[in-house]
Amino acid sequence: MDLLAYALQVLTVIVAPLVVGLAMGMDRKITARMQNRRGPPVLQPFYDVGKLLSKRPMLLSELQATFAGAALLFHAAALALFVSGSDLLVTFFVSGTGSVCLVMGAFSARSPYSFIGGQRELLAILAYEPVLFLVVLSIGMRSSFLVGDIQGGLLHDLPLVLLALVPVLVVLLEKSPFDVPTAHQEIISGPYVEYSGPYLAILEVARWFQLAFVFGMVTLFFWSGDAVISIAGKLALAFAALFATIVIDNASARLTRENMVSFMLIAGIGLVAINLLVLFILKGSI
Amino acid sequence: MSAGELLAVLLFLVPMIGAVVVLVGRSVPVIKVTVAAVTVVLALSSVGLLLVLASRSFAPLAIEAQALYPLSPVLIVADLALTALFIIIGWRLRSMIIAAAAALNLALTVLLGAWTGFSESDPAMLIDNLALIMALITSLVGSVIAIYSFRYMREDPRQPRFFAVTLLFLGGMNAAVFSNDLLWLFLFWDVTTLCSFLLIAHDGTMEARDAARRALAITLGGATAFIIGAVLALEQYGTLSISDFPVAGLGGLALLPLSLLAIAAFTKSAQLPFQSWLLRAMVAPTPVSALLHSATMVNLGVYLLLRISPSIVNAAAINWLVALISGATFLASNILAMTQRNAKRVLAWSTIGNLGLVAMCVGISTSLAIAAGVILLLYHSISKALLFLSVGAAKEGLGSEDIEAMEGMRAKMPFVSAALFIGIFTIVLPPFGMFASKWIISSAALTFPLLIFLLGVGFASTLVYYFKWVGNILSAAPGSRRVTLRADPLPANYKWTLGSLMGGAIVLSALIGPVIRYLVQPFIDRHFILPVGTNDLNIFTSSGEFPVLVLLLLVGLIFAGLAIIVRPGEEEMSKPYASGEDFDFESRGNYFASEAAVMQGIKVSEGAGVLLVVLLIALPIALEVM
Amino acid sequence: MMTLESKMRIRSPWIMHFDTGSCNGCDMEVWALLTPRYDIERFGAMNRANPKQADILLITGPVTKRCEDRLRNLYEQTPEPKLVIACGDCASTGAPFHNCYNVNGGVDKVIPVDVYVPGCACRPEVLIDALVLGLSKWREKAAGADKEAEG
Ligand code: SF4
C-alpha cells in the first residue's frame, strides 16, 4: 500500500506539469476562439517545447544555463513537496526560490531587455508573493500547513482567499493586465529574452511545474470524501480559475508596473483580510 | 573558581586587558600580536564554555558576586566613573540632552547603589544558553571582524585607538550578556554605548562626529529608560536580579519596568522611532559597521528583550505593543531598503528589519515565536557580518560602496561576489538558517493574524532589494575577461576571514537541528513549553515539518551539479540581443522613490513609532489609574 | 522517414519579422497574417520579435546600406536550424528601388534566402504559401539529413 501511494505520488509529479502543458494549449485555443480565430492545436505547447529542445543551444553566459536548471529543479522540488503532502509554507518558499532563479538567470546575461525584464520580474514577485503567502497562511490557519491533512471546508470558509488567487494566476500566466515582466510588445519577452533553444524549453517546463503547484493550491479548496467527486471538483475548480484569467486577459490592457504592484497588494491583501475578519466575526475565532 | 567561571571571566576580562595593552603598546606589531592573542583566547574560551555547559546538560551556570570578589567593587567604581564620563562628553559636545541624560543616569545609579547598599543581587552573573549563544556570536564573529581589520585599517593612523575600542567592545558585550544583576548589566550596557560612540566618530570628520553624537544621544536616552526601569523594578519587584523577575500576575504599574526596559532595547536595536543613529553610523569604517550590526551593539537590545521575555510573555497588556512596534519596523525598514542604492545602507535597513523580526517574536509571545527569534538572531549575525565584510572588500577593489558600482563584479572579483551571494542566499533563500526561522515565525504569527500581513509584504521586499543587488553583480558583459576564483588577487586576509564566515554560515545551516536542540531549546524549555521538537535532520512544529538537510543537499546538488555539467562550448556563446545593434548599455537599478519620498516615508514611520512607544509607557500608567 | 524532431519543428515555426527599409506596404501584409482572417497561429506560428527564439525570419524591404549590419547580426543571432523568407519584390530583388544609391537590392545580397515571395506588396495568402513551402523544404532537408545519417 505504501509503495503504491509512493508510486502514485511520483506519477502525479510527472503528470501534473503535463496536464498544465495541456491546459496552456487549451488556453491558447480558447483565447483564439475569443478573438474569432481558429487557434493552434491543443498540443501546441508540447510541439513548441519539442522543437526548442531540438534547436542549437545559444547562450550569453554559462550562469544562464545554471539558473535555468536551478529554476526547473526548485519548481520541481516544490511540486514534489506539495504532492508528498508536506508543509505548504516550505513548498511556497521553495517555489519562490525557483522564481528568484529565473530573475538571476535574466540578470546573468547582460543584455538591455533581459536586465529590464529581471527588474520587472522582481516587481512581479513583490506583487504576487505577499498575496500567495497570505493565501498559504490562511489555509494553514483554517486547517493545517500539511498538505496531506488539508481536508474540505476551505471553499466554504475562504471564498475570498480563493478569489485573491486569481490575480496571482494572472501574473504567473503572464497575462494582461499584469504581464508586465514579459510584456512582448515593449521588452520582447523580458527575463526570457536571452534564452533560446533547449534552455528556453527548460524554463518553459519549469513554469509548468510552478503553475502545477499554484493550481494545486487552487484545487486544495475543494475536497470531498468521495475520491471521484473530489478529483472532478478539483479539476473543475482549477479550470474555472484558468478560464477566469483568460477572460480577464482578453478583456483588459496591460497596466503599468506601479499599478500592478498597488492593485495586487491592495486587492489581494484586502480580500484575504476581509475574509479572515468575516470569519472571525462569524465564528468568534480563526 | 570552577572552569566555567574561569572561562566566563576570561571572555570579558581578556579583551579588556588586551585593550589596555594595545593602548600602551601603540606599535603595529604589538597591536597585531595582542589582538591575535585575544581572538584566540576568545574563540577557545567561548567554545570551552559551550563544552562546560554541555557537560552539565545545559543547566545555567550561576556566578555569585563573591566569586568575583576583587571585581565587584571595581565595577561599582567603574559604573560611576563611566556615567560621569558621559556627562563630560556631553559637556564637550555641547549637547545638553546628552549631559542631562548622563546626569540623570548618574543620580539614579547612585540612588540604586545606595538603595541596595552597593551589594549585587545574587547571582550577579548567570550564564544560560541565551547568554552562551550571544557570547559565541560576539567572540567568534567579533574575532573574525577584528582580524579582518588588520588589513582593512592598515593605513589608518589611529589604529591603537581603533583596536583598543574594538577589544573593549567585545569584552563589554560578553560581560553584558553574562550579567544578571541589572546594575552590572547597566554598566556594560554603557560600555557598549561608549565604544560605539568612539568607533562611529573614528574618522574624525564632521559627518562622523555628527553621527556619533546622534548615536550617543539616542542610546544614552535608552540607558536612561533602562535605569529608570531598573529603579522601578526594584521598587515593584523588590529585586534587581533579572532571573527573579516575576513571570505572572503583572498588571498596572508593575508593567512599567518592562515597558521601559523594552524601550531601552529598542534604542539599542535601532527600532522605530530610534533607527536614525544606526543609519548615520554608516559613515564609520566597514569593520565598525560589521561589529555594530552583527557581533555586538544592536544584538544587545534584542538580547535584553529575549532575556525578559518570560515576563513579557505573560504581560498581555503590553506584549502586543512590542509586536506592533517591531512589526512596523520590519515592514517600514524592508520597504525603505528597496529605495537605497548604497550597499551599506541597504544592509543597515535590513538589519533593522531583522532585529524587528526578533523583537516581534518576543511580542508574539508564544514559545515557538521566541525560539524562532533566538535562531534568527544567531544566523543573522553570521550572514550580516559576512555581507558587511564583503562590501568592505568590494569597496577596496572598486572604490565605492554603491550597488551600481558593483555592476558585473562577478567577472572581476569572483571571491567577493561569491561571499556576497552566500551571505544573501543564507539570509533569504531556503533552506539556510535564517529561512528556517522565518518559516517558524510565519507559523508562529498565526496567533497574531495582523502580523502576517506585515510579514508577507516584508518578506517579498527583502527578495526585491537583495536580488536587485545580486542582479547587478551578475550582470557581467558577455565575453569579458573572467578572473577565475582561484586566481582572484584578493588579499589572503580577506580570503580567510570571508571564507571562514561563508563556511560557518553554511555549516551552521546544515546543523540547524542540533543547534535548536542543544542551544536554543534548553533556554526555551526553562521558561516555556516548546512545541518545536527536532530530530537532527528535521524540524517539526505543531503545524508542519521542514526537511532541512534534504533541502540543503538538494540545493548543493543543484548548484554543484549544474556548475559541473553545464559547460557550454565557445560556439554556443552569442551576442546580446539589442534589436540588431552592437553596443553595451548603461543600466540603472530601480529605486522606486525619490529622496523626498523616502524622507517622508521615514518621517511617517517614525511618527507611528513615537505614537506606539508613548502608548507603551502610557498604557501601564493608564491601567494603574483605572 | 521523418524524425520526431523535425515533426515538432514543422508544427512550431516561430517567426520574426524585420523591416530593412521597406515602404511599409509589405509589413502591413505580414502583420495581416496574425489577424483572425489569416491567423497563422493555427499552424503553430508565433511572432516572437526575437531572433534567439525564432525559426523563420520574415524580411521585408530592399536592405538599405545602414540596415545591412543589423540584418546580418540578427541572422547570426538566430539559432540553427532556420529559414529566411524574403517578403515582397523589394526583399527578393530590390526592384522597386532599383539603382538607388543607398540600398543593397535584395536580402540575398546579405544573407542566404530560402524562399522568395513576389508581389508589391506581397499578399498574405502567398506569404502563407511561402511558409508552407519553406516548411516543406525543411522537411526535405530533414529527410536528407536522416538519409545521410542512415547512410
Ligand atoms: S515590395 Fe512594394 S510594397 Fe513591399 S516594401 Fe517594396 S515597395 Fe513596399
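Would the range B:316-626 count as rounded, prolate or oblate if I go by the C-alpha gyration tensor, calling it rounded below 1.5 in a/c and otherwise prolate when a/b exceeds b/c, oblate otherwise? Note, shape of the range B:316-626 comes out oblate.
May I ask you to give the percent of accessible area on chain A that is carbon plus sulfur, with a probe radius of 1.4 Å?
On the way: 6910 of 9810 Å².
That fraction is 70 percent.
Please work out the FRET efficiency for the pair B:Ser27 and A:Arg56, using the Cβ-Cβ distance as r and a Förster radius of 60 Å; give the result to the nearest 0.05. After rounding to 0.05, the efficiency reads 0.40. To test your reading of the geometry: what angle, between 0 and 90 degrees and rounded to tens, separates the Cα axis of helix A:44-54 from the longest principal axis of chain A? Here the helix axis deviates by roughly 50 degrees. Restricting the calculation to Cα atoms, the range C:4-150 shows an Rg/Rh of 0.98 when the hydrodynamic-style radius is the Kirkwood one. Eigen-decomposition of the gyration tensor built on the alpha-carbon atoms of chain A gives equivalent ellipsoid semi-axes of 30, 22, 19 angstrom, largest listed first.
Looking at the range C:4-150, the accessible area is 45 square angstrom per residue; that uses a 1.4 Å probe and ignores ligands, DNA and RNA.
Interface of A with B. Using a 1.4 Å probe and counting protein heavy atoms only, the two chains hide about 5200 Å² of accessible surface, both sides summed.
Membrane-span-like helices in chain C, defined purely by DSSP H runs whose alpha carbon atoms cover 30 Å or more axially and whose average Kyte-Doolittle hydropathy reaches -1.0, are C:124-150.
Spin-label model, B:Glu404/B:Ser55: points 7 Å from Cα along the beta carbon direction are separated by 5.9 nm. Taking 24 Å as the limit for the C-alpha separation, the pairs B:Lys268/B:Lys603; A:Lys51/C:Lys137; C:Lys7/C:Lys109; A:Lys51/B:Lys575; B:Lys395/B:Lys468 exceed it in the case of C:Lys7/C:Lys109.
What percent do you get for the relative contact order of the range A:3-283 when only Cα pairs under 8 Å and 6+ apart count?
Over the range A:3-283, the number comes to 26 percent.
Inter-part distance, the range B:99-144 to the range A:16-72, computed on C-alpha centroids, equals 63 Å. Taking Cα atoms only, the orientation of helix A:257-283 departs from the longest principal axis of chain A by about 10 degrees. Taking the alpha-carbon centroid of each part, what is the distance from the range A:223-260 to the range B:1-64 in angstrom? Answer, in whole Å: 62. How much FRET efficiency would the formula 1/(1 + (r/R0)^6) give for A:Leu11 and B:Val507, where r is the Cβ-Cβ distance and R0 is 30 Å, rounded to 0.05? The pair A:Leu11/B:Val507 has a calculated efficiency of 0.20. By the combined test of axial Cα extent (at least 24 Å) and Kyte-Doolittle hydropathy (mean at least 1.0), the qualifying DSSP H helices of chain B come to B:3-25, B:28-55, B:71-92, B:96-116, B:159-178, B:182-200, B:316-337, B:343-364, B:367-398, B:450-474, B:548-565, B:595-625.
What FRET efficiency comes out for the pair B:Arg94/B:Met206, r = Cβ-Cβ distance, R0 = 22 Å, nearest 0.05? Before the final figure, lay out the partial values.
Details: r = 14 Å, r/R0 = 0.64.
Calculated value: 0.95.
Listed by chain and number, the aspartates and glutamates whose alpha-carbon sits under 18 Å from that of B:Lys438, ignoring those within fewer than 8 places in the same chain, are A:Asp87, A:Glu129, B:Glu545.
Using a 1.4 Å probe on the protein chains only, how many percent of the accessible area of the range B:316-626 belongs to carbon and sulfur?
66
Buried area at the C:A interface is about 2300 square angstrom, summed over both chains, from accessible surfaces computed with a 1.4 angstrom probe. Express the relative contact order of the range A:140-286 as a whole percentage, based on alpha carbon pairs under 8 Å and six or more residues apart in sequence. Answer for the range A:140-286 is 37 percent.
May I ask you to work out the translational diffusion coefficient for the protein assembly as shown at 37 °C, viscosity 0.692 mPa s, via Stokes-Einstein with Rh from the Kirkwood sum over Cα pairs, reported in whole µm²/s? Don't jump to the answer; show the numbers that get you there.
Numbers: Rh = 31.2 Å.
It comes out at roughly 105 µm²/s.
Over the range B:1-151, with the other protein chains present, what is the accessible area per residue in square angstrom, probe 1.4 angstrom?
Numbers: 6510 Å² over 151 residues.
I get 43 Å² per residue for this part.
What separates the Cα centres of the range A:91-143 and the range B:442-490 is a distance of 11 Å. For the range A:110-125, a drop of 30 Å² or more in accessible area on going from the chain alone to the assembled protein chains (1.4 Å probe) is found at A:Arg110, A:Pro112, A:Tyr113, A:Phe115, A:Gln119, A:Leu122, A:Leu123.
What whole-number value in Å² describes the accessible area per residue of chain A for a 1.4 Å probe? Don't skip to the end; give the middle numbers.
Values: 9810 Å² over 286 residues.
Spelled out: the 1.4 Å probe surface of chain A, per residue, equals 34 Å².
Which shape class, rounded, prolate or oblate, goes with the range B:90-237 when its Cα gyration tensor gives a ≥ b ≥ c as root eigenvalues, a/c under 1.5 marks rounded, and past that a/b bigger than b/c marks prolate? Oblate shape, in that a/c is at least 1.5 and b/c is the bigger or equal ratio.
The values are calculated or read from the model by the stated rules, or taken from the named source; none is laboratory data. These numbers come from a predicted model, not from an experiment. Every residue, glycine as well, gets a Cβ built from its backbone with ideal geometry; the counts of neighbours run over all protein chains shown. Surface areas here come from the heavy atoms of the whole protein model, side chains and all, with no ligands, DNA or RNA. Shrake-Rupley method; radii C 1.70, N 1.55, O 1.52, S 1.80 Å.
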